[in-house]
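Only one structure is covered here, and it is reproduced in the block below.
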Amino acid sequence: MKFIFAAIFIAAILLVIAYFNRRKLYKDIDELEKRKVEIMNRPVTDELAKVKRLNMTGQTEELFDRWRQTWDEVLAVDLADIEEKLVESEERADQFRFGKAKEINGDVVDKLEEAEGKVESILRELDELIGSEESNRQESEELKEKRREARKRLLAHRHTFGKAASLLEIQLDALSSEFDKFEELTNEGNYLAAREIILKLTHDMDTILHKMEVIPVLMAETTNLLPAQLNEIESGYKEMKQKGYLLDHLQIEKEVASLRKQLDLYKDFIVKTETHEVEVGIRDVKDNIEFFYELLEKEVDAKHFIVKNETVTKEQLEAASTANEELQAETEHVRQSYQLAKDEWIVPQKLEEDISRLAKRYELLEARITEQNTAYSFLHEELEELQTQLEDLQKEQTSFSRFLKTLRKEEMAARESLAELRKKINEIFRRVNKSNMPGVPDFYQSLTEETTDRISEVIQALNEKPLNMKAVQEKLSEAVSSVGNLERKTIEIIDQAELAERIIQYGNRYKRSHPGISDQLYRAELAFRNYDYRSALEEAATAIDKVDPKGLKQLEDMMNKN
C-alpha cells in the first residue's frame, strides 16, 4: 500500500513539473511569434515605394530589385519556415517532449535574428539611398551658389590675389566637370556614386574658398608687412652698431637675408595657390622677426642697466668693505668679553676674502666695459650675477652683526634671570623660617645645597672672562630647574608638617577614650620630632581615621581652604 501511495505522489509531482514546463514553453513560443509578426510589420514595402519616385535606372534599379527580392525571401521563405517550426515546437510541447521543443525554439531564435539582420540591412541601405538623393540635390545647389560667389569675389578683388587669380579661376572652372558628372550619375539613378562626387566637390570647394580667404593676407604679409619689418630690424641693427653696440654675435644680417629668400620662395608658392606651406612658413618668419626684436631690445636694456648700476655696484663694494672692517673690529671687541667658536669669529675674515674676490671681478668687468669689446647683454649678465652675490654677502654681514649684538642682550637677560632666582631662593628660606617646623629633613637639606651650588655655577660662569654664553645658558637652565624643584618640595614639606601637627594635636583628645591609637600617635610624634613629616602625617591620619573619620575630613578641608 505504501508503494502505491509513493508512486501516486511521485506521479503527481511529475505532472506538476510537466505542467509548468509546458506552460513556460508556450510562453516562449508566444514571444517568438510576436518577434515574427514584428518583422512582418516592418515598413519595408512603404520604404521601397519611396524609391519608385526616383529614377528607376542604373544603380537604383539594381538596388531596388535586390531589396525587393530579399524582402520577398524573408516573407515567403524565412518567416514561413519559422512559422512551421513554431507549430512543430508547440506539438512537441503537447507531447511532453520538452527537450526537442527547446531545441526547435533555439533554431527559431537563430532564424529570427538572421531575418532581422536582412530587414535592418534593407532599411539602412534604403535610408542611405533616399537620404543621398535629398542631400545631393540640396548640397549641389549650395555648392553652385558658393562657386558663383567665389567667381564674383575673384572678379571684384582680382588685384588682391595677384598672379594667383588665374590659377584660382582654373580651379573653379575645373569644378564644372565634377558638377556635370554629378548630374549624369543622378540622371542614371546612381545616387550613391553621385554622393561621392558631392563629398569631393565639397572638399575641393572648401579648399578653394580657404585659399581665397588667406591669399590676400599672405600676399600682403610676404610683399609689404614682413619685408618692412625686416628692413626695420636691419636699419635698427646698423644704427645700434654706429652707436657702439657690439652685435656681431647675433648674425642678424645673415638671418635677415635668409628670411628674405624664404619670403621670395613663399611668393612663388602663393602664385601656385599652395597656401598650406606658406601659412606654416609665415608663422616661422614671424617668430624669427619677434625674436630679433627681442634680441636688439635686450641689448638696449642691457646698456641701460650697465649705465645705471656700474657706479652703484662699485659704491656697494666699497660700502661692504668698510662695513666689514667695522665688523672685524666689533668681533675683536666682543671676543674680549665673550668666547666665540672658531666658525663664528672667522666669519669677518671669510667675508673679507669674498669681498676681495668680488672686487677683482668688478675690476675686470669695469675694464671690459671701458674697452667696449663685449656685447652689453654679456656684460649685463655678469654684472647682475655680481650684484646678486654682493647682496647675499651684505645679508650675511647684517646677520653676523645682529648675532654679536645678541650676545650682550643674552648676557643681560641671564643676569636678570639669576637675580630672579636668588630672590626666589631668599623667599623660600624666609618661608621655611616662618613655618612652625622644628627642622627640615636630610633630603631637603641636600636639595637646598644642590640648588645653591647650581646658583653658584651660574655666577661663576657669568664671571668668566671672556664669557662663554653657551655654558652660561646651560648652567642657567639647570639652576632654573633646581630652584623650581626646591620650591615645590618646600611647599610640600611645610604643608605636610602643618597638617601632621594639627592631626596629632586633634588626636591627643582620644588617647584616654581609645587607648588603641596611642601607639600610632606616639610613632607620629616621634616621626615629627625627627623631621619625617610625611610619615608623621600618615601615622596620625591612619589613627584618627579609626575613631573620627569626619573630624579628619574637617581638618583636611580647613587646611585646603587656608
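Since every read-out is calculated from the coordinates, none of them should be taken as a lab result. Keep in mind it's a predicted model, so treat the numbers as computed, not measured. Every residue, glycine among them, receives a Cβ derived from its backbone with ideal geometry; neighbour counts consider all protein chains shown.
Mean 1/r over all different Cα pairs, inverted: what Kirkwood radius does the stretch 174-322 give, in Å?
About 20.0 Å, per the Kirkwood formula over Cα pairs.
Using a simple charge model, +1 on the beta-carbon of Lys and Arg, -1 on the beta-carbon of Asp and Glu, nothing else, what dipole does the stretch 299-406 show about its Cα centre, in debye to the nearest 20?
280 debye
If the viscosity is 1.306 mPa s and the temperature 10 °C, what translational diffusion coefficient in µm²/s does Stokes-Einstein give for the stretch 237-318 when Rh comes from Kirkwood over Cα pairs?
It diffuses with D of about 103 µm²/s by this estimate.
Would the stretch 410-458 count as rounded, prolate or oblate if I go by the C-alpha gyration tensor, calling it rounded below 1.5 in a/c and otherwise prolate when a/b exceeds b/c, oblate otherwise?
The shape class here is oblate.
Can you sort Arg335, Arg195 by how many other beta carbons sit within 10 Å, fewest first?
Lowest to highest Cβ neighbour count: Arg335, Arg195.
For Leu351, what charge total do you get from the other residues with a beta carbon under 12 Å from its beta carbon, if Lys and Arg give +1 and Asp and Glu give -1?
Combined, the nearby Lys, Arg, Asp and Glu give -4.
Between Glu232 and Arg151, how high is the FRET efficiency from 1/(1 + (r/R0)^6) when r is the Cβ-Cβ distance and R₀ = 51 Å? Nearest 0.05.
The pair Glu232/Arg151 has a calculated efficiency of 0.85.
How large is the charge dipole for the stretch 414-525, taken about the Cα centre, if only the Cβ atoms of Lys, Arg (+1) and Asp, Glu (-1) carry charge, to the nearest 20 debye?
The calculation lands at about 400 debye.
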